[in-house]
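> My structure is below; once you've seen it, I'll send some questions.
The values are calculated or read from the model by the stated rules, or taken from the named source; none is laboratory data. Not measured: the values here are computed from a predicted model. Every residue, glycine among them, receives a Cβ derived from its backbone with ideal geometry; neighbour counts consider all protein chains shown.
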Amino acid sequence: NVGTDQEDVARIVAKYDFLAIPVVDHQRTLLGIVTVDDVLDVVTEESTEDFLRVSANIEEEEALDPGLTVWHRAVRRLPWLVGLLLGQLVAGNVIERFSNTLQTMYVLAFFMTAMAGGPGNAATQSLALVVRYLATREYRPRDFIRVVWREAQAGILVGLACGAVLAIAALVWQQSVLVALVVGPALALNITIATTFGSLVPVLVHRLGADPALASGPFITTLMDVISMSVYFGLASVLLFYLR
């Protein structure tokens, strides 16, 4: 039908290996055909669009336009970057609230970059996989739980492995069992949360009828910075209270 979305047409052609499919109006009158070449153009266009949206970038025609002014490029990106900056300030406020914990156990500062970067990277990986899944497959409502649960399971395994590595590094580097007990479980929990959020957000956006690529990587990463710092210093505060 002429009202069918071009991505849905591409999925139909790919699923049934058609070389061409007819296009009809609401009265079932033949208007033309869509060929494989047309579908390839659509796939390229949609993939580029999803990539730019996931990276919180400008639209495809603008990104590829060499004549676009520097001012216009900056103005289009600025709202996203300012919003993300405000999110980072929230993460900084979380750290400030745990300043007493950080002063008592200043060595925790050495692991802050790993605690923020690891979960952020894990969330971005899950986000990219799920956005790609939603773009290339016919999504069914029952897939919602399955997709999120599989990513959460993967996050648990990855989190345990990365947490163990960081705990061993802390034990060898800082010679402190307490530090290892903080950084290891905190990273494991944060990566599990990150993979769950990274898969959950685009699926929710898709179910609301919007493009899942709008759940951009920078947004997820900034959100995980806030969550990661809260979990990290929260766990440290609890362990310091009970073990010291």
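> I'd like to know if the stretch 193-215 contains one or more residues that are more than 13 Å from the chain's Cα centre (by Cα) and at pLDDT 90 or above. Explain how you work it out, then say what you get.
Of all residues in the stretch 193-215, those more than 13 Å from the chain's Cα centre (by Cα) come to 206-211.
Going one step further and asking which of them are at pLDDT 90 or above, we end up with none.
No, that holds for no residue.
> Using the structure shown, decide if T222 is in a helix (DSSP H, G or I) and modelled with pLDDT of 90 or more. Even if it seems obvious, please write down each step before you answer.
Working: in a helix (DSSP H, G or I): yes; modelled with pLDDT of 90 or more: no.
So T222 does not fit the description; no.
> Would you mind finding the one in V34, V43 that is at negative phi, modelled with pLDDT of 80 or more and not assigned by TED's automatic domain parsing to the domain that holds V183?
The match here is V34.
> For the stretch 140-172, which positions are out of contact with any helix residue (DSSP H, G or I) (no Cβ under 7 Å at 6 or more places or on another chain) and modelled with pLDDT of 90 or more? Can you show your working first?
Within the stretch 140-172, the first condition is being out of contact with any helix residue (DSSP H, G or I) (no Cβ under 7 Å at 6 or more places or on another chain), and the residues that meet it are 140-143, 145-146, 149-150, 153, 157, 161, 165, 168-169, 172.
Within the stretch 140-172, Q153, L157, A161, V165, I168, A169, V172 meet the criteria.
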